[in-house]
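Just so it is clear, none of the values below were taken in a lab; they were calculated from the coordinates. All figures in this text were calculated on a predicted structure; none of them were measured in a lab. Glycine gets a Cβ as well: all are built from the backbone with ideal geometry, and neighbour counts include every protein chain shown.
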Amino acid sequence: MAEKIIMVADARAPALAVPDTLETPTGLLADALGRPLHDLRISVTDRCNFRCVYCMPKEVFDKDYAYLPHAALLNFEEIARVARLFVAHGVEKIRLTGGEPLLRKNLERLVEQLRAIETPSGRPLDLTLTTNGSLLARKAQTLKDAGLDRVTVSLDAIDDAVFKRMNDVDFAVADVLAGIDAAHTAGLGPIKVNMVVKGGMNDDQILPMARHFKGTPAILRFIEYMDVGASNGWNMTEVVPSSEVVRRISADMPLEPIVANYAGETAQRWRYVDGGGEVGMISSVTQAFCHDCSRIRLSTEGKLYTCLFATRGHDLRELLRGGRTDQEMQTAIARLWRARADRYSETRTVNTAGLSPRAASAQKIEMSYIGG
């Protein structure tokens, strides 16, 4: 049997180049396709206590898997410094991800440091976090007190047996729901609940999930099963298009489309005709939204990725720990973003032309490392 190569961490990332001529950020940075830089996603750990089949399957992330050493991870002061560099360039929203970010010890201290950062206009940042919900019940109030605005919780089924099959660690739905309730009580809203839909595995949960969250403060969002990395064995036949999700829900509980909250919003918004709330569809496979993507990602050990489907990162940690000034790093970041022309989802068939599915996906970094 041929060995399967999984590129979990990215040892090939070159250091960002610092141009000879330095510049002062204007907050109006745009990439090669005219897309602004508004969102920074920060992965604070490569560890997770779930083994979801579409993200960290047990056959790859087993008990012998070697995670990044602690010394390699950016500390909270380094992360906050990087965040300030990006805010100067126009970033208005920061999302903490992982792995499972609540596994990072004393995460609320980082939240406090990020909360202290203001945009050039003096407005507070939109500070959010994505979690599997396993530790949320005990940490929601602490996170809110530290300055977190809201959370997004991953939940792939409302049926316990299906959910346990998805997370593969026997974690119960009731415990995630308890975390969602705690987040609502703490004021971490509006809460979004993300369901990754994998055909033949949990697509029978579309209607039960919709019924459960209809009429609640949470906004349920359905995510098409994506070809991120190589560990999940992605196959297009397992993708349930968002149009099919809408069809199934609307046949039982009629939906109507509503306008986006802002340019670059990943989810297409729908609401129940009877006023029972809102659902979202994230269609990165069948209806790519690359054209207005404003996101950049920082891995847990300081590599920058200009696309979720990136094949290579750019090492910012070397500059960060090499005595470089803020202006030098800001100039390097500006140069990287201006050269950005990523639109993987829009050119999926072109990017993979001539490659086997395994070869095409093996070139991409894993979502558990880069952050979703």
- Amide H contacts under 5 Å for Ala157, restricted to residues at least 5 apart in sequence or on another chain and with H modeled in the peptide plane, are none
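How far, in nm, would the chain grow between Asp204 and Asp145 when pulled straight, counting 0.36 nm per residue and subtracting the alpha carbon separation? Could the numbers behind the result be given before it?
Working: separation 59, 0.36 × 59 = 21.24 nm, distance 3.80 nm.
My answer for the length gained is 17.4 nm.
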- Query: In region 39-370, with Lys and Arg counted as +1 and Asp and Glu as -1 at Cβ, which of these residues, Val197, Pro217, Val82, has the Cα nearest the positive end of the dipole, that is, farthest along it?
  - Reply: Val82
- Quickly estimate the mean residue ellipticity at 222 nm for the chain, helices only: each DSSP H run with n ≥ 4 gives -39500 (n - 2.57), and the total goes over all residues, rounded to 500. -8000 deg cm²/dmol
- Message: With the alpha-carbon atoms as the only input, what is the per residue convex hull volume for region 39-370 in Å³?
- Response: 137 Å³
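Determine Rg/Rh for region 45-147; Rg is computed over alpha-carbon atoms and Rh is the Kirkwood hydrodynamic estimate from the same atoms. It would help to have the intermediate numbers written out before the result.
Values: Rg = 15.2 Å, Rh = 15.1 Å.
Expressed as Rg/Rh, it is 1.01.
Within 10 Å of each residue's Cβ, count the other Cβ atoms and sort Val111, Val169 from fewest upward.
Working: Val111 23, Val169 14.
Ascending Cβ contact count within 10 Å gives the list Val169, Val111.
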- Query: Between Asp64 and Thr325, what length in nm is gained on full extension when 0.36 nm per residue of separation is reduced by their alpha carbon distance?
  - Reply: 90.0 nm
- Query: Among the Cys residues of the chain, which have no other cysteine Cβ under 4.7 angstrom away?
  - Reply: Cys48, Cys290, Cys293, Cys307
- Item | Residues whose placed amide H lies under 5 Å from that of Ala30, excluding near-sequence neighbours | none
- Task: Can you pull a Stokes-Einstein diffusion coefficient for region 170-313 at 4 °C (1.567 mPa s), Rh from Kirkwood over Cα pairs, as a whole number of µm²/s?
- Result: 77 µm²/s
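What does the charge dipole of the chain about its Cα centre add up to, to the nearest 20 debye, if the Cβ of each Lys and Arg holds +1 and the Cβ of each Asp and Glu holds -1? Don't skip to the end; give the middle numbers.
On the way: 46 positive and 47 negative charges, 71 e Å.
With only Lys, Arg, Asp and Glu charged at Cβ, the dipole is about 340 debye.
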